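Below: the structure, in structure tokens.
The values are calculated or read from the model by the stated rules, or taken from the named source; none is laboratory data. These numbers were taken from a predicted model, which means no experiment stands behind them. Neighbour counts are summed over all protein chains in view; Cβ atoms, including those assigned to glycine, are modelled from backbone coordinates with ideal geometry.
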Amino acid sequence: MAAFPATVPTRRAISPGVHSSREFVQVLMKLQRATNLIASTLDLDALLDRVVNDIADSIGSVKVAVWLRAGDRDDMVLHGVRGCTKYRKGDRLQIGRQGMVGHVAATGKMRYARDVHQDPYYIACEPVTRSEVGIPLKTAGAVIGVLCIDHHQTDAFSDDQLKVMQALAGHIAIGIENARLFRLERFERERMQQESAEARAIQQALFLKPVPLIPGFAFETAWHPAGAVAGDWFDFIDLGNERYGIALADVSGKGMSAALLMSATRAILRTLAPLYSSPAETLAHLNRTLEEDFPTGKFVTMVYGVLDAGTRKLTLASAGHLPPLLINHHCSFLELDTGLPLGLGVSSYPQCTITLTPGTKLLLYTDGITEAMDSREEEYGSARLIEHFLRPGACVDGLIAEVNRFGAGSARTDDATAVLIRSR
């Protein structure tokens, strides 16, 4: 909000007996109308500095201060001031006990000291001050602050001028409340962004660690959250005796809630996996645990396998997850029966065993890949997935890049995660 020039000479505006000066009221009316611009200033400190400076420049020969109610105690705190040598920003006055500011804050009513030397609530400030008005700043009927204007003439303000100042105070109160709400919203947004960044860093630490080194096998992984955090995840668990658990899962929902459920599921799986020799048993016990702990309506789809590196056999079981893609000169989806997604109800989990001969590849993936949509709302689909891996040199990073190109121009709404097992 630009400063408003004092278009009326100070002497004329404040000379005794000229309280109804038309020119002076016009200056204040212009200031009142211009306060509509206050709403566009959402930085509280900048807003208050503009308020006190613009009022002082427009009226002239005044001290202007804005006191705001402290949130932690019954004090008024000075936030904006012009022309005062006694008080500084941050100074406090007790509500109902100290000065006209404290009195106005306690009563919620304007107080005008026509002669400060005769007013019982006035606390001496500037030696030249002869009159002072304190106007409550209110929102929703509650006093949030006090606008104080001092003058070096006795009985300096007319009734009309006081009315305009009260109207001005209403605009200022709205601006202050808007700026406070904006500050709170910005603080909350920054806090949430910080929490999301920390959660993402934790997830990245889990997923970006090196894949296991298993003789005869190589692994490629891709993990691309749609937002700051993901409900998709994968894991490798060393079960001993050249046996490794390999999991890929997708938690229902999005954002932080899905990320929390993902972390809980991953931790429980890591506890159960060494206890049971088969994926079917592991998923059955994991499902029973999640049934007891998961919120209603939340679930996890998962494909879990145990790889015996010595025999090259991979045993797989699925909890409502998409069928893995087997790649060996041609591509085909494994005919793998599935149980219910984890956490929905009692279920059994059929399993199957395949042998990963040298040159064979197996892709585990989430629906964020096959269900990715282009700008026409057409899905990437399983046919394109097969087509991609029929090309020489196909890899998961290339797959994710292709899916991103396919979905360019559409809103990405799901995580995309994949694990490719290469038998060498």
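Comparison of Ala142, Ala156 shows that the only residue that is free of Cβ contacts under 8 Å to residues at least 12 places away in the same chain and not hydroxyl-bearing (Ser, Thr, Tyr) is Ala142. Residues in the stretch 210-257 that are at pLDDT 85 or above, of a type in the set (S, T, N, Q) and surrounded by fewer than 16 Cβ atoms within 10 Å (Cβ to Cβ): Asn241 alone. Condition check: in a loop (DSSP other than H, G, I, E, B) and assigned by TED's automatic domain parsing to the domain that holds Leu47. Does Gly96 satisfy that? When the stated conditions are applied, Gly96 passes them.
Applying the condition of being surrounded by fewer than 17 Cβ atoms within 10 Å (Cβ to Cβ) and touching a Gly at 6+ places or on another chain (Cβ under 8 Å) to the stretch 258-292 and asking which residue is nearest to Pro341 (Cα to Cα) yields Glu291. Only one of (1) loosely packed, with under 14 Cβ neighbours inside 10 Å; (2) part of a helix (DSSP H, G or I); (3) of a type outside the set (A, V, I, L, M, F, W, C) fails for Gly345. Which number is that? Among (1) loosely packed, with under 14 Cβ neighbours inside 10 Å; (2) part of a helix (DSSP H, G or I); (3) of a type outside the set (A, V, I, L, M, F, W, C), the lone unmet condition for Gly345 is (2).
Return the total of residues in the stretch 251-276 being assigned to a helix (DSSP H, G or I) and either outside the structural domain of Leu344 (by TED's automatic domain parsing) or small (Gly, Ala, Ser) (or both).
Let us first name the residues in the stretch 251-276 that are assigned to a helix (DSSP H, G or I), namely 255-275.
Still in the list and also either outside the structural domain of Leu344 (by TED's automatic domain parsing) or small (Gly, Ala, Ser) (or both): 255, 257-259, 263-264, 267, 273.
Number satisfying all stated conditions: 8.
For the stretch 378-411, residues that are surrounded by 12 or more Cβ atoms within 10 Å (Cβ to Cβ) and basic (Lys, Arg) total 1. Filtered by the rule that a residue be touching a helix residue (DSSP H, G or I) at 6+ places or on another chain (Cβ under 6 Å), at pLDDT 90 or above and in a strand (DSSP E or B), the stretch 388-424 gives Ala418, Leu420.
Evaluation of Cys352 against the conditions (1) farther than 17 Å from Trp233 by Cβ; (2) assigned to a helix (DSSP H, G or I); (3) without any contact (Cβ under 8 Å) to a residue 40 or more places away in the chain; (4) more than 33 Å from the chain's Cα centre (by Cα) shows that the sole unmet condition is (2). Residues in the stretch 280-308 that are among the acidic types (Asp, Glu) and not in a helix (DSSP H, G or I): Asp308 only. So, of the residues in the stretch 64-87 that are at pLDDT 90 or above and of a type in the set (Lys, Arg), which turns out to be nearest to Ile172 (Cα to Cα)? Restricting to residues being at pLDDT 90 or above and of a type in the set (Lys, Arg), the top hit is Arg69.
Let's see how each residue does on (1) of a type in the set (A, V, I, L, M); (2) in contact with a Cys (Cβ under 9 Å, 6 or more places away or on another chain); (3) more than 26 Å from Asn404 (Cα to Cα); (4) not assigned by TED's automatic domain parsing to the domain that holds Ile400:
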| position | (1), (2), (3), (4) |
| --- | --- |
| Gly305 | no, no, yes, no |
| His321 | no, no, no, no |
| Leu325 | yes, yes, no, no |
| Cys331 | no, no, no, no |
| Asp337 | no, yes, yes, no |
| Thr353 | no, no, yes, no |
| Thr366 | no, no, no, no |
| Gly381 | no, no, no, no |
| Glu387 | no, yes, no, no |
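Can you say whether Val101 is part of a strand (DSSP E or B) and closer than 19 Å to Ile172 by Cα, as far as the supplied structure shows? So Val101 does not fit the description; no. Residue pairs whose Cβ atoms lie under 8 Å apart, sitting 6 or more positions apart in sequence or on different chains, and linking a residue in the stretch 74-88 that is in the same structural domain as Arg50 (by TED's automatic domain parsing) to a partner that is of a type in the set (Phe, Trp, Tyr) and modelled with pLDDT of 90 or more, are Met76/Trp67; Val77/Trp67; Leu78/Trp67; His79/Trp67. Filtered by the rule that a residue be in contact with a helix residue (DSSP H, G or I) (Cβ under 8 Å, 6 or more places away or on another chain), farther than 25 Å from Leu314 by Cα and not hydroxyl-bearing (Ser, Thr, Tyr), the stretch 249-289 gives Gly253, Met256, Ala259, Ala264. Taking the stretch 355-374 as the range and being among the aliphatic types (A, V, I, L, M) and in a loop (DSSP other than H, G, I, E, B) as the test, the residues that pass are Leu356, Ala372.
Among Tyr122, Tyr112, which is assigned to a strand (DSSP E or B), among the hydroxyl-bearing types (Ser, Thr, Tyr), touching a residue at least 12 places away in the same chain (Cβ under 8 Å) and surrounded by 15 or more Cβ atoms within 10 Å (Cβ to Cβ)? Walk me through it before giving the result.
Numbers: Tyr122 fails: assigned to a strand (DSSP E or B).
So the residue among Tyr122, Tyr112 that is assigned to a strand (DSSP E or B), among the hydroxyl-bearing types (Ser, Thr, Tyr), touching a residue at least 12 places away in the same chain (Cβ under 8 Å) and surrounded by 15 or more Cβ atoms within 10 Å (Cβ to Cβ) is Tyr112.
Give me the residue from the stretch 34-63 that is buried (at least 23 other Cβ atoms within 10 Å of the Cβ) and outside any helix (DSSP H, G or I) and, out of that set, modelled with the lowest pLDDT. Ranking the qualifying residues of the stretch 34-63, first place goes to Val62.
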